[in-house]
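The values are calculated or read from the model by the stated rules, or taken from the named source; none is laboratory data. What you are looking at is a predicted structure, and each value in this text was computed from that prediction instead of being measured. Glycine also receives a Cβ, built like all others from the backbone with ideal geometry; neighbour counts cover every protein chain displayed. Ligands, DNA and RNA are stripped out before the accessible areas are found, and what is left, the full protein with its side chains, is counted by its heavy atoms. Shrake-Rupley method; radii C 1.70, N 1.55, O 1.52, S 1.80 Å.
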Amino acid sequence: MESDKLLEKQIEKDPILSLSHLTYVYPNKKTALDDISFDVFPGEKVAIVGPNGAGKTTLFLHLNDTFKSKGHIRVAGKDISDYKNADRVKEIGIMFADPDNQLFMPTVFDDVAFGPLNLGLSEEETKKRVEEAVAMTGIEDLLDRVPHHLSFGQKKKVVLASIIALRPKILVLDEPTANLDPKSKRDVLAIIDKLNKEGVTTIVATHDVNLLSELADRVIVLNERIIETGTPREIFSNIRLLQENNLEAPEVFKLFQLLSCIGFDCEKLPLNFEEAVDEILNQIESGKGHIHLHSHSESHEHIHQLRKEYGKH
């Protein structure tokens, strides 16, 4: 299984982030997190998914030590409560869903430079880090702008640049592509992918299942407690899991499930557009330039079942 291969790759590594029996109950007695334990390994791409109110943002607020509760969080082998703020932000950087909550300086340059300056870095080193961060996020033309006058997508990039300037080993992003136009989504995905390829561990909470396979090698389904862990394909293949946790499979995955009912036999159902293109081209090549679809006695029954599983009757 894909998860077995992932485990083999990680087996000799120590976790860079480790959560142990994390439990949090709000003052109104509502349980937000119930005995959460998992490890994240260096260089991993992890996604956390779940319905609204599942506890994803609450979990992230523990990762910057805003919330404290039962259980333990260790970053690079050290308890998170033992870090000074200046040291913790060099280990883990967090971008929350609303960028306005993380922008507070008069100009974009000031916002991106704020972190490095507060780490005690020189003006020369700070300027270097700002230049690198704004180049990676493509916001060079915004440096003199007032952050709160920017578009939502531009604000997200400014927040991301301000975190990148701190050079954290772990990057945590809460709904990084929410409310963005298609180009801004692709831009943010490219930045996250580049950072991960450079060795940054990425943890993303998202409702955008169509992008999930690009954001993660491993998916954790959270609904107050950890419901399931697996590769994107393993998670999306478990329809009951999706139904019970108000989750959806990617549209392209559902389309190829439908095609499989009428003779399109692929070894692995595609999770994204690129995988779909590759699968179609492979089928054409193996079929000598043709794709053969056909309806058989069980086709309509399979299609009816598929529509029923995805809530279409």
State all residues of the stretch 239-259 that are open to solvent by 60 Å² or more (accessible area, probe 1.4 Å) and more than 19 Å from the chain's Cα centre (by Cα); if no residue qualifies, say none. 240, 243, 244, 255, 258
Return a yes/no flag: does the stretch 222-231 have any residue that is out of contact with any Asp or Glu (no Cβ under 6 Å at 6 or more places or on another chain) and either at pLDDT below 90 or more than 29 Å from residue 20 (Cα to Cα) (or both). no
Counting residues that are of a type in the set (Phe, Trp, Tyr), which helices (runs of 4 or more DSSP H) fully inside the stretch 227-307 reach at least 2? 251-260
Members of the stretch 8-52 that are crowded, with 20+ Cβ neighbours inside 10 Å, of a type in the set (Val, Ile, Thr) and more than 17 Å from residue 97 (Cβ to Cβ): 16, 36, 40, 46
Considering only residues of the stretch 60-102 that are of a type in the set (Asp, Glu) and under 22 Å from residue 112 (Cα atoms), which is modelled with the lowest pLDDT? 65
In the stretch 292-313, anything over 31 Å from the mean Cα position of the chain (by Cα) and open to solvent by less than 70 Å² (accessible area, probe 1.4 Å) is listed as 299, 303
Answer from 220, 226 - the residue that is among the β-branched types (Val, Ile, Thr), out of contact with any Gly (no Cβ under 6 Å at 6 or more places or on another chain) and open to solvent by less than 10 Å² (accessible area, probe 1.4 Å): 220
Considering the stretch 199-223, residues that are part of a loop (DSSP other than H, G, I, E, B) and of a type in the set (Asp, Glu), and then whichever is farthest from residue 186 (Cα to Cα), we arrive at 217
Cross-chain or 6+ apart pairs with Cβ under 9 Å, the stretch 230-256 first and over 17 Å from residue 274 (Cβ atoms) and among the aliphatic types (A, V, I, L, M), then part of a helix (DSSP H, G or I) and open to solvent by 40 Å² or more (accessible area, probe 1.4 Å): 239/309; 242/309
